[in-house]
Amino acid sequence: MSTLSIDHVSRWFGNVVAVNDVTMSIGPGVTGLLGPNGAGKSTLINMMGGFLAPSTGTVTLDGQPVWRNEQIYRHIGIVPEREAMYDFLTGREFVLANAELHGLGAKEAQKALATVEMEYAQDRKISTYSKGMRQRVKMASALVHEPSLLLLDEPFNGMDPRQRMQLMDLLRRMGDEGRTVLFSSHILEEVEQLAWHIEVVVAGRHAASGDFRRIRRLMTDRPHRYLVRSSDDRALAAALIADPSTSGIEVDQVEGALRIQAVDFGRFTALLPKVARDHGIRLHTVSPSDESLESVFSYLVAA
């Protein structure tokens, strides 16, 4: 069992700060690294895997530094998001090459291919593989030496539903075995299905930490903004503004609608249809106006 420790880690590229003073500990089981695109997830994973030096701070695996420590790669498997593969090789040749780098051979390579269910295509050139097949062969390559720590950067990209379920089952089994598995994603539902623990990063900063119930609660309890069109916007606004579930209502003359900020999500969603019914108001449109991942995660940073 391995524990990965990130201690006050920052990384900048010129004047751009990609990761800003992040501290977290990743232990055995499956951890999801959640954040919008461009949040710094890949940079963090590259530092966790020893492919990138922190500008400040330290990354250690069981107390041993990861950067410039080649012995650490006996314990780490990494599946990068980038496609950098040798397309002229077959899947078997690609995995065998990585096995040989670890002093292993064909037996271990074959076992890794079987683990990701790629035996049927192992003798085809990688150039003929779909995105999902490439992901699975990269996974086999990362597993060939049975690492105690597995780092995966957006591993489900390009996979069909069946491939996603197979990979999720595999990662769950690895977590159950006591291995430390960390995977990144920008999709909350993806993380929710698999991760025992979630770390959230936004704009290079560590925004939240906990199980998916806590992260869901943080997201649900934030202020929500809605665009509402009705048969009588002014009467609806007058009825809603008196309730503590709303903190502001604006009549948008251009859109012909109300812009409502709700501070109690559960209460407001029950209140709106009740008020409309009681006042004989027909609701034409009720749509969230700030439900992008970026807006949700930005709220977590500010909270």
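The values are calculated or read from the model by the stated rules, or taken from the named source; none is laboratory data. Nothing here was measured: the structure is a model prediction, and the numbers come from that model. Cβ sites come from the backbone with ideal geometry, for glycine too, and all protein chains shown count toward neighbours.
Structure summary
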read-out	value
Test for R162: is it surrounded by fewer than 14 Cβ atoms within 10 Å (Cβ to Cβ) and at pLDDT 90 or above	no
Among residues of the stretch 113-131, those that are outside any loop (DSSP other than H, G, I, E, B) and under 25 Å from the mean Cα position of the chain (by Cα), counted	2
Single residue of V181, V200 found to be within 30 Å of Q261 (Cβ to Cβ), among the hydrophobic types (A, V, I, L, M, F, W, C) and buried (at least 16 other Cβ atoms within 10 Å of the Cβ)	V200
Residue check for T58: without any contact (Cβ under 8 Å) to a residue 60 or more places away in the chain, in the same structural domain as Q193 (by the TED database), touching an Asp or Glu at 6+ places or on another chain (Cβ under 9 Å) and farther than 24 Å from H145 by Cα	yes
Any hit, the stretch 213-235, residues being free of Cβ contacts under 8 Å to residues at least 24 places away in the same chain and not charged (D, E, K, R)	no
